[in-house]
Amino acid sequence: MPVSGSSEPPGQGWHRPRNAASAWPEDLATPVGTAQVACHGPLGVPESVPSVNQVSRTGVAHARRMAPGIAFAMLFRLFETVEAMPSSVAIREYLYLYPVIEGVHVLSTYIFFGLVAMMDLRLVSATLRSAAVTEVQHRLFPWQMFGFALMAVSGVLLVFTEPMRFYSNIFFQVKMVLLALAGLNMVIFHTGVYQRVAEWDHHEVPPGRARLAGAVSMMLFSGIVVCGRLIAYNWFGK
């Protein structure tokens with residue numbers, strides 16, 4: 001407690017009521033606790049002031065709620081900036097360049113997905129049952145990567161050319177989600193049951209987890225192809 005009549009102004013840890021006089025008599029000084037402080041509301045009724053920790057937790061929760069909106073706003077701004085770039089405009093205005101990129105993307109997509117489907121069909125025991133799983137994978141993998149590289153590069157160029165068109169296209173958004181899920185399925189397969197492939201390499205019917213991975217892969221890639229085709233028909237666009 002400070003000494004009454006001291007010239008030292010009240011420091012941290014003290015609160016003055018809103019209607020207090022300019023002087024600071026001792027009977028009006030209220031020590032501030034670590035959790036909350038009593039103050040007078042509009043009607044003179046004591047009310048609680050949130051502590052610093054409570055305010056911090058509220059701010060963090062608010063920031064978390066705002067994060068998705070901020071992320072989409074930043075992405076929108078990025079797409080707007082890319083669309084205004086001279087190189088993006090040049091591709092859009094060039095008569096034959098965009099159709100060539102789109103044709104390469106379509107062909108490379110079917111090359112990649114077709115080769116992936118062959119591996120998936122082996123996993124679900126629908127074809128190549130007499131061939132070892134590792135042999136099928138070894139023969140198909142280089143061509144799968146070739147198709148994937150062409151598909152990825154041409155796909156990025158297509159988005160680079162018309163980013164705002166793809167940003168608001170629901171089929172493009174669903175396609176990206178399905179593509180991420182397909183990649184996750186591959187990671188789970190190769191880090192899981194495929195680690196023990198020596199145990200079932202020559203089995204005509206692979207284990208259940210391998211068959212499940214193959215079936216999920218075919219469904220996801222089929223959805224990707226359908227959504228990619230429907231990007232040109234955005235029925236839900238404004």
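Checking residue 206 against (1) part of a helix (DSSP H, G or I); (2) in contact with a helix residue (DSSP H, G or I) (Cβ under 6 Å, 6 or more places away or on another chain): exactly one of these is not met. Which one?
Result: residue 206 passes all but (1).
Among (1) over 28 Å from the mean Cα position of the chain (by Cα); (2) within 27 Å of residue 233 (Cβ to Cβ); (3) not β-branched (Val, Ile, Thr), where does residue 143 come up short?
It fails just one condition, (2).
Quick one: residue 149 ticks every box in (1) assigned to a helix (DSSP H, G or I); (2) more than 23 Å from residue 182 (Cβ to Cβ) except a single one, so which number is it?
Here residue 149 clears every test but (2).
Among 183, 155, 114, which is the only one that is over 24 Å from the mean Cα position of the chain (by Cα) and either crowded, with 16+ Cβ neighbours inside 10 Å or within 28 Å of residue 206 (Cβ to Cβ) (or both)?
Values: 183 fails: over 24 Å from the mean Cα position of the chain (by Cα); 155 fails: over 24 Å from the mean Cα position of the chain (by Cα).
None of the other options fit; the residue is 114.
Just wondering, is there one or more residues in region 160-178 that are among the charged types (D, E, K, R), outside the structural domain of residue 112 (by TED's automatic domain parsing) and in a loop (DSSP other than H, G, I, E, B)? Walk me through it before giving the result.
Applying the first criterion (among the charged types (D, E, K, R)) to region 160-178 yields 162, 165, 175.
Going one step further and asking which of them are outside the structural domain of residue 112 (by TED's automatic domain parsing), we end up with none.
Within region 160-178, not a single residue is among the charged types (D, E, K, R), outside the structural domain of residue 112 (by TED's automatic domain parsing) and in a loop (DSSP other than H, G, I, E, B).
The values are calculated or read from the model by the stated rules, or taken from the named source; none is laboratory data. Computed from a predicted model, the values in this text were never measured in an experiment. Positions of Cβ are generated from backbone atoms using ideal geometry, with glycine treated the same way; all protein chains shown enter the neighbour counts.
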